[in-house]
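Report on the structure given below.
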Amino acid sequence: MVVPKYQYIKDELKNKIISGQFENGDKFYTEAELINLYNVSSITVVRALNELAKDGYIIRQQGKGTFVSRARKHKLVEFSDVELFGSQDDDQVIVLSIERENDDRILEKLGLKNTQFYYKIERIRKAKGVVYLYDKSYIPEQYINANYPDLSYYSSIYKRFKEDYHIHLNDEHFEESNVILFPTPEDICQVLEIDSTFPVVYQEKTTQLETTGQVIEYDETYKRADFFKIKFVSRNRPN
């Protein structure tokens, strides 16, 4: 099968970028340079460049030129929250409370109407006797077993979704943000047993069902900064 000329040019230029001939942020070929280099029409060159831009290899800025992208769509970035204590045997989860609520702020986060309800589950995590995490999970009441035997039933929310509703939270779409809080709010200091000069990481996470887009959990977590570390790894996206 004959490869279209624009596709051939796109693939060759992509390989030049991947092989390191261009660094992130470098100015890329102009349209005129590519027309001369490949002896093709401007239409063919523009299509090849637009395809590269769509795939995230370059950025085209009107009046400035074309540049190699610093963020590549062909890269997959994996991250993991690195635990900074010993084995999992040192980790303990304690459920502080489970309450049925319908506060407007959380209803909006969950995409619920003001006539609907959710459950707030407050938990702490301890390692070697140190409280290092305070978590507030908000879950639509349809995903809560109101007849739970005791608070510890919800020590693992992931387990409850998996066993009670056959939903694997880690496989669903989520968005998470992390910011440093300093000084630390007083109510958080009391739970984490620290003073306000000790920084914490505030994590906000929303998880949605891939199939319907329904928000099934909104989570607010406060973590001691000395227990916080994230590792990022980039990988090539499979073809």
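Bear in mind these aren't lab numbers, they're just calculated from the coordinates by the rules spelled out. Quantities reported herein were computed from a predicted structural model and do not represent experimental measurements. So basically every Cβ, Gly included, is an ideal-geometry build from the backbone, and we count neighbours across all protein chains shown.
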Mark the label point 7 Å from the Cα of Ser156 along Cα→Cβ and return the residues of the range 87-124 whose backbone N is within less than 19 Å of it.
87-96, 121-124
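Working out 0.36 nm times the residue gap between Ser97 and Thr212, then minus their Cα-Cα distance, what length gain in nm do you get to one decimal?
On the way: separation 115, 0.36 × 115 = 41.40 nm, distance 2.94 nm.
Stretched out fully, the Ser97 to Thr212 stretch lengthens by 38.5 nm.
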Specify the angular offset, from 0 to 90 degrees and rounded to the nearest 10, of the alpha carbon long axis of helix 42-54 from the longest principal axis of the alpha carbons in the chain.
20 degrees
Past 27 Å, Cα to Cα, is the threshold; run Lys16/Lys54; Lys159/Lys231; Lys10/Lys64; Lys120/Lys231; Lys14/Lys64 against it and keep the listed order.
Lys120/Lys231
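Under the classification rounded if a/c is under 1.5, otherwise prolate if a/b is larger than b/c and oblate if not, where does the range 119-239 fall, given a ≥ b ≥ c as square roots of the Cα gyration tensor eigenvalues?
Values: a/c = 2.07, a/b = 1.22, b/c = 1.69.
It comes out oblate by the Cα gyration axes.
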Find the relative contact order for the chain and round it to a whole percent, using C-alpha pairs within less than 8 Å whose residues are 6+ positions apart.
18 percent
Which labelled figure in (1) -0.77, -1.02, -1.10; (2) -0.59, -1.11, -1.26; (3) -0.60, -1.04, -1.15 is log10 I(q)/I(0) by the Debye sum over Cα atoms at q = 0.11, 0.15, 0.16 Å⁻¹, once derived from the coordinates
(1)
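Quick check: residue separation of Ala32 and Val191 times 0.36 nm, minus the Cα distance between them. What number comes out in nm?
Full extension of this stretch gives 50.9 nm more.
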On a 0 to 90° scale, report how tilted helix 5-18 is relative to the longest principal axis of the chain, with both axes built from alpha carbons and the result rounded to the nearest 10.
60 degrees
